[in-house]
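Data first, discussion second: the structure below is written as structure tokens.
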Amino acid sequence: MQASQGPRRMGSAHELCHQPMQQVQQYYTPCRAFDNSIYNDSSSSGTQISLKTQNEQFFIMDSFPVTDCAIYDAAPSVSVSSNRSPFSPQCSPSCMSEPRRSFENACISSASGCSGADDGSGKKHVLRELNNKLLRPEYDIDDSCSCSFDDAVAKSSSLTWRNQVLDVASRLDLKDLLISSAEAVAEADVTTAEILLSVLEKRVSISGEPMQRLSAYMLEGLRARLLSSGSIIYKKLKCNEPTSSELLSYMDVLYHICPYFKFAYMSANVVIGEAMKNESRIHIIDFQIAQGNQWVFFIHYLARRPGGPPFLRITGVDDSHSAHARGGGLQLVGERLATIAESCGVPFEFHNAALSGCQVKLEDLQVRHGESLAVNFPFMLHHMPDESVSTMNHRDRLLRLVKSLSPKIVSLVEQEMNTNTAPFLLRFRETLDYHKAMFESVDVARPRDDKLRISAEEHCIARDVVNLIACEGADRVERQEPFGKWKSRLTMAGFTQCPLSSSVGEAINGMLNEYSSNYSLAESQGVLYLGWKTRALATSSAWQ
């Protein structure tokens with residue numbers, strides 16, 4: 001696949017995040033991941049919206065049918081030239097217990113997405129029956145028998161039981177095998193888990209089909225959890241990062257594969273641009289500025305504003321992980337943006353706030369009187385631990401801090417995924433379902449034997465999948481929530497949701513023309529949803 005030659009121009013709104021690619025060094029720090037409506041983590045009910053791909057339509061349902069959804073169709077592309085993929089500051093990535101319905105009744109629940117349907121043979125239940133009914137070696141021994149006879153019986157029973165598990169496992173499809181393995185791990189059934197994981201290992205491949213590639217990473221997560229070494233392995237993965245230049249190259253590959261980050265940057269830029277159209281002094285606080293590429297487009301947009309460009313000040317917040325990804329500190333971002341702003345004639349100032357969101361305090365943001373404030377949360381808030389992790393509850397604390405600044409507009413983009421407080425098995429299914437859709441979207445844009453794609457998935461997704469599956473407590477930093485829960489948090493912090501204008505959907509729809517027609521866009525109750533086939537993957541919303 002050849003890289004995109006650049007999107008078609010669609011007017012000022014489109015230009016907010018879509019300049020010709022040659023003007024911008026395409027390095028983006030992947031963010032981590034999403035969810036959908038207000039519901040309990042252990043529930044399969046959630047808000048539903050209508051998404052449409054080509055001639056198909058599907059729903060993410062709530063307790064009521066959605067009747068006021070605006071649908072944006074991405075026109076089919078002759079060739080697929082994508083632009084990016086996973087979510088995580090170093091790159092990263094549902095199904096609840098109920099089976100997914102047929103396509104006619106398909107629903108994309110914020111808490112659900114994985115198929116739990118049986119194939120009719122009952123295979124998915126056999127392993128559990130084996131655990132409950134088959135004689136295990138430790139229970140086969142009769143104390144009245146001689147020691148040698150006991151040993152023989154134990155050995156025979158063990159082989160019989162192992163063979164039966166192997167037989168069942170060999171007939172499971174890859175998805176059911178993964179879920180059965182997760183169930184064994186969750187129940188601390190080490191023997192069964194080891195057998196299933198050994199079967200699973202023979203069926204995964206980092207250069208295979210999307211499910212095979214994802215399964216390779218989920219297998220490592222299950223092994224780490226089984227050995228209670230998730231935290232150790234996760235930290236080891238962080239220590240074994242590629243060099244910054246290599247990581248930038250991998251992220252560049254991901255940026256050109258799928259539109260997820262463009263969705264975040266473009267929707268936020270249009271929202272902020274419209275809110276600030278009459279302001280002469282603008283201050284943007286970006287809570288995950290990465291390489292700062294989002295604001296290159298915004299600076300070019302301001303340079304063409306009627307009446308001349310306003311004064312622009314950007315506060316870049318980011319932690320040490322992103323510093324590694326960009327090959328240096330935030331001052332590099334500031335210098336680059338200052339150079340671009342000067343070439344465009346835009347008065348500019350950059351403030352470096354090299355902190356994680358958990359560390360940010362009021363004085364770190366240097367808000368000034370007379371500046372109109374915008375705040376940007378791009379795939380970032382789900383990394384903040386909440387009340388389930390710490391009494392500090394940095395997730396809500398940060399929202400209250402931002403509200404105290406009285407911003408004119410706040411842009412929130414998050415993954416539509418439910419992993420924060422969901423118990424392990426539900427979280428495993430959600431991770432499986434969400435990333436399956438993501439890997440499928442990567443698959444249409446890059447050859448399966450592409451070494452750069454393989455390296456990008458390995459270095460930019462594997463660690464996050466391991467973190468979701470193997471880690472708990474403070475060690476688990478991947479804690480996505482559905483939009484309904486974000487709405488509840490923002491409302492409790494004092495924010496009011498602002499409906500998105502039609503310009504946002506039009507700009508995103510134009511961008512999606514460059515990609516596979518399997519991508520879909522829908523608007524429901526002021527929220528924009530980006531989806532792949534029948535799965536909502538990301539949401540964009542505005543607040544004040």
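The values are calculated or read from the model by the stated rules, or taken from the named source; none is laboratory data. Note that the structure is predicted; figures quoted are calculated from it, not measured. Positions of Cβ are generated from backbone atoms using ideal geometry, with glycine treated the same way; all protein chains shown enter the neighbour counts. For the accessible areas, the whole protein counts, side chains as well, though only heavy atoms, and no ligand, DNA or RNA atoms are used. Shrake-Rupley method; radii C 1.70, N 1.55, O 1.52, S 1.80 Å.
So which pairs qualify, if the first residue must be in the stretch 519-537 and open to solvent by less than 10 Å² (accessible area, probe 1.4 Å), the second must be among the charged types (D, E, K, R), the Cβ gap must be under 6 Å, and the two must be at least 6 apart or on different chains?
Here the result reads S520/K52; A536/E416; L537/E416, each pair linking the stretch 519-537 to a residue that is among the charged types (D, E, K, R).
Considering every residue within the stretch 390-405, establish whether at least one is buried (at least 19 other Cβ atoms within 10 Å of the Cβ), within 16 Å of I314 (Cβ to Cβ), modelled with pLDDT of 95 or more and over 20 Å from the mean Cα position of the chain (by Cα).
Yes, the stretch 390-405 contains a residue that is buried (at least 19 other Cβ atoms within 10 Å of the Cβ), within 16 Å of I314 (Cβ to Cβ), modelled with pLDDT of 95 or more and over 20 Å from the mean Cα position of the chain (by Cα).
Can you tell me which residue in the stretch 335-366 is farthest from D252 (Cα to Cα), limited to those that are assigned to a helix (DSSP H, G or I) and among the charged types (D, E, K, R)?
Looking at residues that are assigned to a helix (DSSP H, G or I) and among the charged types (D, E, K, R), I get E363.
Quick check on the stretch 290-334: of everything there that is part of a loop (DSSP other than H, G, I, E, B) and of a type in the set (K, R), which residue is surrounded by the fewest Cβ atoms within 10 Å (Cβ to Cβ)?
So the first thing to find is which residues in the stretch 290-334 are part of a loop (DSSP other than H, G, I, E, B), and the list is 290-292, 304-310, 318-319, 327-329.
Still in the running and of a type in the set (K, R): 304-305.
Working: R304: 11, R305: 15.
Among those residues, the one meeting the criterion is R304.
Just to verify a result, which residue in the stretch 523-539, among those that are modelled with pLDDT of 95 or more and of a type in the set (G, A, S), is nearest to the chain's Cα centre (by Cα)?
A538
Going through the stretch 319-378 one residue at a time, which ones are among the β-branched types (V, I, T) and more than 14 Å from N293 (Cα to Cα)?
V346, V360, V367, V375
Taking the stretch 341-355, which residues are over 13 Å from I314 (Cα atoms) and open to solvent by less than 60 Å² (accessible area, probe 1.4 Å)?
Within the stretch 341-355, C344, G345, L355 qualify.
Can you report the number of residues in the stretch 218-246 which are part of a helix (DSSP H, G or I) and at pLDDT 75 or above?
10
For the subset of the stretch 501-518 comprising residues that are part of a helix (DSSP H, G or I) and open to solvent by 40 Å² or more (accessible area, probe 1.4 Å), which member is farthest from S406 (Cα to Cα)?
E506
For the structure I just gave you, tell me whether S215 is part of a helix (DSSP H, G or I), open to solvent by less than 40 Å² (accessible area, probe 1.4 Å) and among the small types (G, A, S). Don't jump to the end; show me each part of the working.
Details: part of a helix (DSSP H, G or I): yes; open to solvent by less than 40 Å² (accessible area, probe 1.4 Å): yes; among the small types (G, A, S): yes.
It is true that S215 is part of a helix (DSSP H, G or I), open to solvent by less than 40 Å² (accessible area, probe 1.4 Å) and among the small types (G, A, S).
Can I461 be described as over 19 Å from F379 (Cα atoms) and buried (at least 22 other Cβ atoms within 10 Å of the Cβ)?
no
Suppose the filter is over 15 Å from the mean Cα position of the chain (by Cα), surrounded by 18 or more Cβ atoms within 10 Å (Cβ to Cβ) and over 30 Å from I272 (Cα atoms); does A474 pass it?
Answer is no for this residue.
Taking the stated definitions as given, is T419 surrounded by 18 or more Cβ atoms within 10 Å (Cβ to Cβ) and in contact with an Asp or Glu (Cβ under 6 Å, 6 or more places away or on another chain)?
The answer is yes for T419.
Restricting the stretch 278-289 to residues that are modelled with pLDDT of 95 or more and not in a strand (DSSP E or B), which is most open to solvent (accessible area, probe 1.4 Å)?
Filtering the stretch 278-289 for residues that are modelled with pLDDT of 95 or more and not in a strand (DSSP E or B), the one most open to solvent (accessible area, probe 1.4 Å) comes out as S280.
Cβ-Cβ distance below 6 Å, separation of 6 or more or different chains: which pairs start in the stretch 201-218 with a residue that is more than 14 Å from P447 (Cα to Cα) and end on one that is in a loop (DSSP other than H, G, I, E, B)?
If the second residue must be in a loop (DSSP other than H, G, I, E, B), the pairs left are Q212/V204; Q212/S205; S215/V204; A216/V204; A216/I206.
Go through (1) at pLDDT below 95; (2) touching a helix residue (DSSP H, G or I) at 6+ places or on another chain (Cβ under 6 Å); (3) of a type in the set (G, A, S) one by one and return the number of the condition G473 breaks.
(2)
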